[in-house]
1. Check every one of the strands (runs of 3 or more DSSP E) wholly within the range 70-145 and list those with 2 or more residues that are of a type in the set (D, E, K, R) and not assigned by TED's automatic domain parsing to the domain that holds residue 20.
2. For the range 20-33, name all the residues that are touching a strand residue (DSSP E or B) at 6+ places or on another chain (Cβ under 9 Å), over 19 Å from residue 106 (Cβ atoms) and loosely packed, with under 13 Cβ neighbours inside 10 Å.
3. Give the residue, chosen from 55, 14, that is farther than 18 Å from residue 109 by Cα, among the hydroxyl-bearing types (Ser, Thr, Tyr), at pLDDT 80 or above and not assigned by TED's automatic domain parsing to the domain that holds residue 102.
Amino acid sequence: MREYKLSIAGHPYTVAVLKVTEEEVVAEVNGVEHRVAIHEIKSLNAAAPLLSSQTQPARPAALVQPVAAAPFAADSGLVSSPIPGHILEIFVRIGDKVLVGQKLLLLEAMKLENIITAHRSGVVKEILVRQGDAVTHDQGMVVIE
């Protein structure tokens, strides 16, 4: 579980993200549990490097969207892990046609389940991980052609 110390319009909030699925986020805000429905998932600047919490404040947007993988290069078909974790489930097979935003993998990191989505449309050429594998930050997981 992650806990964030946030402020909105000068008002302090303590937010603990309890669960993230494709349908909802369960978060505790100042001791009160909230269930937030997810209607749409967009990847906002997925290729931007993440800064440490000391140099960049926590972003509330992280509370309401699963993590999308960022490719190694803009035109690359390689989907890499945005964070270290373990592969819980693989939703695609070699030869599957995928669309931008389609679920590829379920990655567990820091006791949260993160849905890794396709950053481009195409055909799955390779799957470089197996269910149960540990992955590191930026490790290649799926190749989309």
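The values are calculated or read from the model by the stated rules, or taken from the named source; none is laboratory data. All figures in this text were calculated on a predicted structure; none of them were measured in a lab. Ideal geometry is used to build each Cβ from the backbone, glycine not excepted, and the neighbour counts take in all protein chains shown.
1. Numbers: elements: 78-80, 85-90, 103-109, 112-117, 122-127, 140-144.
Hits in the range 70-145: 103-109, 122-127.
2. First pass over the range 20-33, keeping only residues touching a strand residue (DSSP E or B) at 6+ places or on another chain (Cβ under 9 Å): 20-31, 33.
After this cut, where a residue has to be over 19 Å from residue 106 (Cβ atoms) as well, the list is 27-31, 33.
Passing the criteria: 30, 31, 33.
3. Numbers: 55 fails: at pLDDT 80 or above.
Going through 55, 14 in turn, the sole match is 14.
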